1. Which of (1) surrounded by fewer than 17 Cβ atoms within 10 Å (Cβ to Cβ); (2) at pLDDT 85 or above is the odd one out, the single condition Asn122 does not satisfy?
2. Suppose we filter the range 74-108 for residues that are open to solvent by less than 40 Å² (accessible area, probe 1.4 Å) and touching a Lys or Arg at 6+ places or on another chain (Cβ under 8 Å); how many remain?
3. Among the residues of the range 18-33, count how many are closer than 15 Å to Gly53 by Cβ and touching a Gly at 6+ places or on another chain (Cβ under 8 Å).
4. Of the residues that sit in the range 13-30 and are within 19 Å of Met90 (Cα to Cα) and either part of a loop (DSSP other than H, G, I, E, B) or in contact with a Cys (Cβ under 9 Å, 6 or more places away or on another chain) (or both), which one is modelled with the lowest pLDDT?
5. Could you list all residues from the range 1-53 that are open to solvent by 70 Å² or more (accessible area, probe 1.4 Å), charged (D, E, K, R) and under 15 Å from Leu77 (Cβ atoms)?
6. Working only within the range 38-56, note down all residues that are touching a Phe, Trp or Tyr at 6+ places or on another chain (Cβ under 9 Å), in a strand (DSSP E or B), over 21 Å from Ile89 (Cβ atoms) and not polar (S, T, N, Q).
7. Can you give me the number of residues within the range 1-12 that are closer than 19 Å to Leu58 by Cβ and at pLDDT 90 or above?
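The values are calculated or read from the model by the stated rules, or taken from the named source; none is laboratory data. Being a predicted model, the structure only gives us computed values, none of them experimental. Cβ: placed from backbone, ideal geometry, glycine included. Neighbour counts: every protein chain shown. Surface areas here come from the heavy atoms of the whole protein model, side chains and all, with no ligands, DNA or RNA. Shrake-Rupley method; radii C 1.70, N 1.55, O 1.52, S 1.80 Å.
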Amino acid sequence: RRTGNPITLSVVYIAVARRVGVSLFGAECPSHFVVKGSHESGEHYFIDVFNQGKIMSLQGCKDLYLTRNHLVDSSDLEPASPLRIYARIMRNLVNAHMIIGKGDKALLWTERIRVLETAASNVEGGEAIEMDAE
């Protein structure tokens, strides 16, 4: 049985990797979230931390999402900024609260998303917040 959340597991994976000197990033995909890295040659690889750390090429990642009936192009797999990751986590919380009938909690997370998006638009490029494991 799988437990956890792909995006949360990915954030932990990225933080641990950065602590040991490996540069990884989050990569958004439809209905899922993977970790992205680059070989010294510049070729990208993807890690599905929710699927026992499965390492995939770009084509392997695209194939995975085709089996889930999602079309994926390279732009879907670009590194996600910390702000985009935080916003996606918050949207997941909104959806989870709506599913269990807690609309009041969903509304609180919706307000937090609005504050985050407003702050991001006030920061040049919306990328100034760093995700630090310290």
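1. (2)
2. 4
3. Adding up the residues that qualify gives 3.
4. The qualifying residue modelled with the lowest pLDDT is Pro30.
5. Hit for the range 1-53 is Glu43, nothing else.
6. If the condition is that a residue be touching a Phe, Trp or Tyr at 6+ places or on another chain (Cβ under 9 Å), in a strand (DSSP E or B), over 21 Å from Ile89 (Cβ atoms) and not polar (S, T, N, Q), then Lys54, Ile55, Met56 are the ones that fit.
7. So the answer is 1.
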